[in-house]
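Below you'll find the structure, written out as structure tokens, and then a few comments.
The values are calculated or read from the model by the stated rules, or taken from the named source; none is laboratory data. Quick caveat: nothing in here was measured; it's all calculated off a predicted structure. We place every Cβ from the backbone using ideal geometry, glycine too, and count neighbours over all the protein chains shown.
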Amino acid sequence: MEVLALRLKPNADLRQSLKTFTVQRNIEAGFILSAIGSLKQATIRFANQDISAVLDNKFEILSLNGTLATSGVHLHICIADKHGKTIGGHLDNGCIIYTTAEIIIGATKDFSFTRTLDPQTGYNELEIIPHK
């Protein structure tokens with residue numbers, strides 16, 4: 001496993017920055033090992049919703065989980081407001097860094113991630129392609 005580190009600075013878009021980093025590093029099977037930081041705007045799609053909610057406030061990033069591949073990223077985030085109230089869901093474009101985001105990424109060359117339509121769910125789901 002390769003371990004990569006990334007620090008995002010104020011005003012960076014979290015999801016877009018991770019997509020760009022993934023493409024630049026040609027990560028075919030990556031995953032978030034650790035992530036902390038802060039947002040000044042959060043754009044999150046909640047469970048079973050078609051449209052993302054835009055939350056304009058300061059938030060702490062408590063966790064970020066998911067997969068990274070040159071074919072796309074699938075990430076979920078959990079954030080806390082100034083009262084410690086937590087909320088989470090599907091990370092969307094428009095999560096804007098407030099002061100910093102410190103992200104540690106793991107990557108493997110043992111397989112690749114891609115997304116293909118799953119007829120059972122109706123969504124593009126993770127497909128793991130082993131390398132021989």
If you check Glu127 against the conditions, is it under 26 Å from Asp13 (Cα atoms), of a type in the set (Asp, Glu) and either at pLDDT 95 or above or crowded, with 16+ Cβ neighbours inside 10 Å (or both)? no
Between a residue in the stretch 109-132 that is in contact (Cβ under 8 Å) with a residue 12 or more places away in the chain and of a type in the set (Phe, Trp, Tyr) and any residue that is part of a strand (DSSP E or B) and surrounded by 10 or more Cβ atoms within 10 Å (Cβ to Cβ), which pairs come within a Cβ distance under 7 Å, given they are 6 or more apart or on different chains? Phe111/Ile128; Phe111/Ile129; Phe113/Thr67; Phe113/Ala69; Phe113/Leu126; Phe113/Ile128
Look through the stretch 17-37, keep the residues that are of a type outside the set (A, V, I, L, M) and within 18 Å of Asn65 (Cβ to Cβ), and return whichever of them is surrounded by the fewest Cβ atoms within 10 Å (Cβ to Cβ). Ser34
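Per-residue answers, yes or no, for (1) under 30 Å from His131 (Cα atoms); (2) over 12 Å from the mean Cα position of the chain (by Cα); (3) in a strand (DSSP E or B); (4) among the aliphatic types (A, V, I, L, M):
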residue: Ser17; (1), (2), (3), (4): yes, no, no, no
residue: Phe21; (1), (2), (3), (4): yes, no, no, no
residue: Glu28; (1), (2), (3), (4): yes, yes, no, no
residue: Phe31; (1), (2), (3), (4): yes, no, yes, no
residue: Ser38; (1), (2), (3), (4): no, yes, yes, no
residue: Val54; (1), (2), (3), (4): no, yes, yes, yes
residue: Ile61; (1), (2), (3), (4): no, no, yes, yes
residue: Val73; (1), (2), (3), (4): yes, no, yes, yes
residue: Ile77; (1), (2), (3), (4): yes, no, yes, yes
Residue under question is Tyr98, and the condition is that it be on the phi < 0 side of the Ramachandran plot, aromatic (Phe, Trp, Tyr) and modelled with pLDDT under 95; does it hold? no
When the residues of the stretch 70-104 are narrowed to those that are of a type in the set (A, V, I, L, M, F, W, C) and within 17 Å of Phe31 (Cβ to Cβ), which ends up surrounded by the most Cβ atoms within 10 Å (Cβ to Cβ)? Ile77
Pull up the stretch 40-69, narrow it to residues that are small (Gly, Ala, Ser) and surrounded by 13 or more Cβ atoms within 10 Å (Cβ to Cβ), then point me to the one that is nearest to Phe113 (Cα to Cα). Ala69
For the stretch 57-81, pairs from a residue that is over 11 Å from Leu126 (Cα atoms) to a residue that is of a type in the set (Ser, Thr, Tyr) and outside any strand (DSSP E or B), with Cβ under 8 Å and 6 or more apart or across chains, are Thr70/Thr22
Is it true that Phe113 is among the aromatic types (Phe, Trp, Tyr), under 30 Å from Met1 (Cα atoms), surrounded by 16 or more Cβ atoms within 10 Å (Cβ to Cβ) and in contact with a His (Cβ under 9 Å, 6 or more places away or on another chain)? yes
